[in-house]
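What follows is a set of notes on a single structure, which appears directly below.
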Ligand SMILES: NC(=O)c1ccc[n+]([C@@H]2O[C@H](COP(=O)([O-])OP(=O)(O)OC[C@H]3O[C@@H](n4cnc5c(N)ncnc54)[C@H](OP(=O)(O)O)[C@@H]3O)[C@@H](O)[C@H]2O)c1
């Protein structure tokens, strides 16, 4: 029986993880659930899954969480709160597996904590790889943590690289697939609304990642993520638009062979794979019916309409803290867009402005990563206020 702590349990990945776990109650115990501020949703999950610990990151909501649990007669559940408790929970000896499903750079500290404690990390929070980069990977190695990527593209690459020798890896290319998002065929993006942007054609996800998919920033973050996770330089990582989201990503080897991982677009598949690895658990996703599918298609990404994908390559090549600045600028701009303070096209403009104006050295520890992130957020807010 393994104890599972889900960071970001009230989100889309959190929900999919709980769904997988509910089928394996004899192997995995839901040990801890966290949310940011949505205490009623968290309390509802507690009523269903009975964790030992419920944690709300927004410390001002601690009493509200205690009350919500009491209303459901769940007074035996420990109530934790605040960022320091998130970090403590990720390193708790009783936790075997940390599912890192917080959205944004807020996931950095618990991810680093779980890595330093040598846990198995089911890592969905791509922003912590984008910002933590070499430091996170070094910590995973040093503390013999197991990092299983939950992002479907990286989970696919993880599987496609499984049998590759070191020599094969140094010559292979990664091919990340992208659905193209809701605006693949929309030429005029000047009047896009938040509702348009979160309506993803193939995946059902949280609001921030849905907007990132619409701008192709999500694919850009994934290029950076893939570079760190698998040790590939940017010039050996390609992106291809594949609207059916059947192929989750591919590896092309030196002899021309391509290994691809396919399946229905359902996040429960990579979550179950990461949970069971190195064995496969029974899956729940719909089986692919090739005959009914008809055809699968591919096209090049349109960088003129979606420049943020190229910004990610640029940040990766620039090094320093460029990826942290890009990520922070994007998070602030997406939030402003979702709250109707800026237009859709201003998201990319804000990222461009910040990449040109804030050049910071490469961080040497987590504290410096967090400081670069903080500074980039402050500057981005100033830019948006102007
Ligand atoms: N959704 C997908 O299919 C998918 C696929 C691949 C990768 N990912 C990655 O997985 C991560 C989660 O995505 P999602 O779509 O599941 O997001 P989501 O639905 O928006 O859920 C986000 C979760 O994080 C919590 N949270 C938000 N801000 C926080 C903070 N400052 N401190 C602590 N917790 C905070 C939220 O709590 P509240 O509910 O209280 O706000 C919620 O539990 C992202 O990094 C995303 O890129 C997602």
Filtered residue count, the stretch 45-60, keeping only those that are within 14 Å of the ligand (Cβ to nearest atom) and in a strand (DSSP E or B): 3
Among the residues of the stretch 247-259, write down those that are on the phi < 0 side of the Ramachandran plot and surrounded by fewer than 18 Cβ atoms within 10 Å (Cβ to Cβ). 253, 254, 255, 257, 258
Say we look at the stretch 155-179 and pick out the residues that are touching a residue at least 12 places away in the same chain (Cβ under 8 Å), part of a loop (DSSP other than H, G, I, E, B) and more than 16 Å from the ligand (Cβ to nearest atom); which of these is surrounded by the fewest Cβ atoms within 10 Å (Cβ to Cβ)? 164
Test residue 10 against the stated conditions and say whether it is under 27 Å from residue 281 (Cα atoms) and free of Cβ contacts under 8 Å to residues at least 40 places away in the same chain. yes
Residue 76 fails exactly one of (1) part of a helix (DSSP H, G or I); (2) over 21 Å from the mean Cα position of the chain (by Cα), namely (1)
When residue 84 is run through (1) surrounded by fewer than 15 Cβ atoms within 10 Å (Cβ to Cβ); (2) away from the ligand (no atom under 14 Å from the Cβ); (3) closer than 27 Å to residue 328 by Cβ, the failure sits at (2)
Kindly indicate whether any position in the stretch 110-117 is assigned to a loop (DSSP other than H, G, I, E, B), in contact with a strand residue (DSSP E or B) (Cβ under 9 Å, 6 or more places away or on another chain) and more than 10 Å from the ligand (Cβ to nearest atom). yes
Determine, yes or no, whether residue 347 is within 23 Å of the chain's Cα centre (by Cα), in contact (Cβ under 8 Å) with a residue 60 or more places away in the chain and under 24 Å from residue 228 (Cβ atoms). yes
Can you list residue pairs whose Cβ atoms sit under 6 Å apart, with the first residue in the stretch 34-60 being under 15 Å from residue 11 (Cα atoms) and the second being assigned to a loop (DSSP other than H, G, I, E, B) and away from the ligand (no atom under 12 Å from the Cβ)? Count only pairs 6 or more apart in sequence or on different chains. 43/72; 46/74; 46/77; 54/77
Picking from 340, 317, which residue would you name as being more than 26 Å from residue 87 (Cα to Cα) and outside any helix (DSSP H, G or I)? 340
Are any of the residues in the stretch 369-381 surrounded by fewer than 17 Cβ atoms within 10 Å (Cβ to Cβ), touching a residue at least 40 places away in the same chain (Cβ under 8 Å) and assigned to a loop (DSSP other than H, G, I, E, B)? no
Before we move on, is residue 140 part of a helix (DSSP H, G or I), near the ligand (Cβ under 10 Å from one of its atoms) and in contact with a strand residue (DSSP E or B) (Cβ under 9 Å, 6 or more places away or on another chain)? no
Restricting attention to the stretch 87-109, report how many residues are in a loop (DSSP other than H, G, I, E, B) and either more than 10 Å from the ligand (Cβ to nearest atom) or at positive phi (or both). 6
On the given criteria, is residue 254 farther than 21 Å from residue 10 by Cα and within 13 Å of the ligand (Cβ to nearest atom)? no
Just name the residue that is surrounded by the fewest Cβ atoms within 10 Å (Cβ to Cβ) out of those in the stretch 118-137 that are away from the ligand (no atom under 12 Å from the Cβ) and over 24 Å from residue 362 (Cα atoms). 118
Selection within the stretch 281-313 - touching a strand residue (DSSP E or B) at 6+ places or on another chain (Cβ under 7 Å) and not in a loop (DSSP other than H, G, I, E, B): 299, 309
Could you check residue 31 against (1) touching a strand residue (DSSP E or B) at 6+ places or on another chain (Cβ under 7 Å); (2) in a loop (DSSP other than H, G, I, E, B); (3) more than 22 Å from residue 128 (Cα to Cα) and say which number it fails? (2)
Checked the stretch 196-210 for anything within 16 Å of the ligand (Cβ to nearest atom), in a helix (DSSP H, G or I) and either more than 15 Å from residue 151 (Cβ to Cβ) or not assigned by TED's automatic domain parsing to the domain that holds residue 245 (or both); matches are 197, 198, 207
Conditions: (1) assigned to a loop (DSSP other than H, G, I, E, B); (2) touching a residue at least 12 places away in the same chain (Cβ under 8 Å). Residue 278 meets all but one. Number of the miss? (2)
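The values are calculated or read from the model by the stated rules, or taken from the named source; none is laboratory data. Quantities reported herein were computed from a predicted structural model and do not represent experimental measurements. In this analysis, Cβ positions are derived from the backbone assuming ideal geometry, glycine residues included, and neighbour counts consider all displayed protein chains.
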